[in-house]
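One structure is given here, and the rest of the page talks about it.
Any read-out appearing in this document is the output of simple, stated calculations on the displayed coordinates, not a laboratory observation. Just so you know, these numbers come straight off a predicted model, no measurement behind them. Because the Cβ atoms are built from the backbone with ideal geometry, glycine has one as well, and the counts that use them run over all protein chains shown.
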Amino acid sequence: MRAAAFTGFDGPDDVTVQETGDPTPESGEVVLDVVACSINRHDLWILEGDSVMVDTDDLPFVSGLDAAGEVAETGADVDSVSVGDRVVLCPNQTCGVCRYCREGPENLCEQFSLYHGGLAEQALVEANRLVSLPDSVEFTDAAALPTAYMTAYHMLRRADVGANDLVFIPGATGGVGVAGVQLVDALGGRSIGTTTSSAKADRLADIGADHVVESSDTDEIQEAVTEIDEADAVLNHLGGEYTALGLKLLRRGGRMAVCGGTAGGTSEINIPRLFFGHKHVIGSTMGTQPDLETLVELTADGTLEPIIGNEYALDETGQAFADMQSRDAFGKLVIRP
């Protein structure tokens, strides 16, 4: 089979399509014919050498978390899926034995990790991590769900967002940001998103953002959001200075879920503002398999329509990462092996 492998850590030029051996499933495993696999900032960090998960000893490395396709072959002791089943992979990898796996939710696992290997014609996966797809859900849409949408949905649950809540989403044109805007709208809430692009501001409004602030300056953003209203919740996938900003914008008792640090790994916050305001700062990583199952249901019934920025052949995987790197894309970028 063919796979789009990372052969170095200098960026998109280090993506090479190679011939590799066909996978053989062992007990509990499945070979998946990959029809679609979306890429994420997580993959790009690996490709740029910014991930501690992968080093030169792992090269060539096949990334890709979000694979959807058809079951091609099953190993022994697999009865949850059959050959020909349409499925999407939940990329969570857990130990299954620690107290957090036993008590849940699964993404608290002490050894929590992520699957890699979807950027190939076939992928070897754990059968119990596959979620069935109704015929009404396209593979491309399904491949958009696991990382960005699952992360955003879990953050919204952690922040207890409901109908009529006002949610501030900085960097709303990223994968998690776009997903957050759509999901807030689906939940009956209202959102304020930020972007630095006029064209993307229009797209945000089109997909359900109630207010869009076109700026990256935190003082300007604070002023604009304050004029709208206090936020009930904040979806913060940027970290850095946006954490302090989020605390300022939250109402008393408001909740901020934080899932990333692309704008910085540290933030200086006002402690009295935190405790006098009874505000909550909540860490959140990925989501759970039941979260993904819910997202598939929302897509199947038409409540959610994942935004696809572009689709690429396997040979164009390097270009897909170049497009992600340029930050010109809006919506998920999907490889179709």
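The table below gives the values:
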{"item": "Rounded Å value of the spacing that divides the Cα centres of region 287-317 and region 181-232", "result": "22 Å"}
{"item": "Projected-area average for region 1-100 over all orientations - Cα convex hull basis, square nanometres", "result": "7.8 nm²"}
{"item": "Derived scalar couplings ³J(HN,Hα) [region 114-120; Karplus, 6.51 cos²θ - 1.76 cosθ + 1.60; whole Hz; x for Gly, Pro]", "result": "10, 6, 9, x, x, 8, 7"}
{"item": "Convex hull volume per residue in cubic angstrom - Cα atoms of region 195-337", "result": "148 Å³"}
{"item": "Candidate lysines for bridging to residue 279, where Cα separation is under 19 Å - those fewer than 8 sequence places away on the same chain excluded", "result": "248"}
{"item": "Estimated FRET transfer efficiency (residue 278, residue 98; beta-carbon r; R0 35 Å; 0.05)", "result": "0.65"}
{"item": "Using θ = phi - 60° and Karplus 6.51 cos²θ - 1.76 cosθ + 1.60, couplings along region 147-161 (whole Hz; Gly, Pro as x)", "result": "8, 5, 6, 5, 5, 5, 5, 5, 4, 5, 5, 5, 8, 6, 7"}
{"item": "Tilt relative to the chain, helix 175-186 - C-alpha long axis, 0 to 90 degrees, to 10", "result": "70 degrees"}
{"item": "Region 281-337 shape via C-alpha gyration tensor axes, a/c threshold 1.5", "result": "prolate"}
{"item": "Region 114-149 and region 2-61: distance between their alpha carbon centers, rounded to Å", "result": "15 Å"}
{"item": "HN-Hα J in Hz across region 42-49 - Karplus 6.51, -1.76, 1.60, θ = phi - 60°, x for Gly and Pro", "result": "4, 5, 5, 4, 4, 5, 8, x"}
{"item": "Compactness of the chain, expressed as Rg and Dmax over alpha-carbon positions, Å", "result": "19.8, 61"}
{"item": "Neighbour-limited loop hits for GluC sites (Glu not before Pro), region 174-278 (at most 10 other Cβ within 10 Å; DSSP other than H, G, I, E, B)", "result": "268"}
